Amino acid sequence: MKYLIISEQGDYLPIALKLQSEGSEVSLYIIDHTRRNKGKKLVPIIESYKDLTYDIVILDTPNAYNLQKRMKGEVFGYSEFTDLFSRDKNYFLDIVRLLDIPHNPDLVADNGIEGWFNGKRVVLPVLHHKYYTKMFNDNVGDDISGYTGVVSHALWEFDKKYKESLGKLEDTLKRYKYRGLLRLDYKGDKLVKPSDRLISPTFFELLDMPLSALIEQTVKGELKHIKMCREKAMAVRISVPPFPYCPKFFWHWNAYKLEGQPLYDYDEGRMKHLWIQNVFRGDNGSIVASGHSGDLGFITARAGLYMSKEGSRRVLRTAKNLGIYNLQYRTDIA
């Protein structure tokens, strides 16, 4: 199966790597041409997809609905509704008021619920996420966009939280013929924001089937259920300074010239537990910083049925083995 991934800023590099590791042929097109060094020598980064042949295209863009009209193959994860619902604040507010879902888009999310819609219904299991939003241990420091860590587990029943959230959106998703994932992020019991992007770093630890099979079944409307393990999964964000601050603010400081900075040796076994961002593979085979941010992604691990300390030990061991100078990460996520 041939995949074309179109990503606004290269954030779908982990998706490209996963599909490639399963034996699929993958091409990654990054719309922002200044970021096309991301993923270099890890996956094929293309300059144009005009003459490319592919079976399925995966979109990670703000205007997915309009872009999909120009695609030649099947398209995963788009609809006019999800584009507006995820990205237009006024449209989002109109929908949640209509459905009587408690909400406050000005809060920082600390939990979420995620489901996959097959065109008719959300399939089981659904995912529940707990987010760690602060920069430092014991939940101190600034809130970090996208969180510093997450703990996730799959639930094999439609519980009360589902019925009062994703369940209220099923009829609308069906009406718009949507097929793909939808995640609703909450602060307590108030909905903060929705998203149709495949960016939960714990997802691959939980998934017990090929991602390619999941995407193909979703696109074709054949998805009946998702094979997932029953353990919990955790992910801890890793970074180097000046993250979480904008690198451009520090570019006049020689200490923070990130582009080309060696980070760690490439290792296939280790890569299975890394959700990587803002890196590429250097000429000597090592992983180096792309220069766009000190955010290097996440270390992921399974953590047992009841969130044992083994998950934390695995994450900390991986972090230590990376050997990255000045590496930043929380050590209390468990």
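Given +1 at the Cβ of Lys and Arg, -1 at the Cβ of Asp and Glu and no other charges, the dipole of the range 233-322 around its Cα centre is 380 debye to the nearest 20. In this structure, Met209 and Tyr325 have a Cβ-Cβ separation that, at R0 = 45 Å, corresponds to a calculated FRET efficiency of about 0.75. When the Cα positions of Leu191, Ser212, Leu67 are compared along the charge dipole of the chain, Ser212 comes out farthest toward the positive end, with charges on each C-beta of Lys, Arg, Asp and Glu.
Placing unit charges on each Cβ (+1 for Lys and Arg, -1 for Asp and Glu) gives the range 2-76 a dipole about its Cα centre, and among Leu52, Phe76, Ser21 the Cα reaching farthest toward its positive end belongs to Leu52. For the peptides 232-241, 9-18, 206-215, 34-43, the ranking by mean Cβ contacts within 10 Å, running from highest to lowest, is 232-241, 9-18, 34-43, 206-215.
Rounded to the nearest 20 debye, the dipole magnitude of the chain is 260 debye, with +1 charges on Lys and Arg beta carbons, -1 on Asp and Glu beta carbons, and the Cα centre as origin. Here the 3J(HN,Hα) profile of the range 125-141, calculated from phi with Karplus coefficients 6.51, -1.76 and 1.60 at θ = phi - 60°, is x, 9, 9, 10, 10, 10, 9, 10, 9, 8, 6, 10, 3, 6, 6, 10, x Hz, Gly and Pro shown as x. Charge dipole (Cα centre; +1 on Lys/Arg Cβ, -1 on Asp/Glu Cβ; no other charges) of the range 1-147 amounts to roughly 480 debye.
Less than 5 angstrom separates the built amide H of Leu274 from those of Thr300, all sequence-distant by 5 or more or on a different chain. Here Asp100 and Asn284 are evaluated by their C-beta separation; at R0 = 51 Å the FRET efficiency comes out at 0.30.
Here the Karplus relation 6.51 cos²θ - 1.76 cosθ + 1.60, evaluated at θ = phi - 60°, turns the backbone of the range 288-303 into coupling constants of 10, 6, 7, x, 8, 6, x, 6, 9, x, 9, 9, 10, 6, 7, 9 Hz, with x for every Gly and Pro.
Per-residue Karplus couplings for the range 115-124, computed as 6.51 cos²θ - 1.76 cosθ + 1.60 with θ equal to phi - 60°, are listed in order as x, 10, 9, 9, x, 10, 7, 7, 9, 8 Hz, Gly and Pro entered as x.
Quick note: the coordinates plus some simple rules give every number you see, no bench work behind them. Every value quoted in this text rests on a predicted model; they were computed, and no experiment measured them. With ideal geometry, Cβ positions are generated from the backbone for all residues, glycine too; neighbour counts draw on all protein chains shown.
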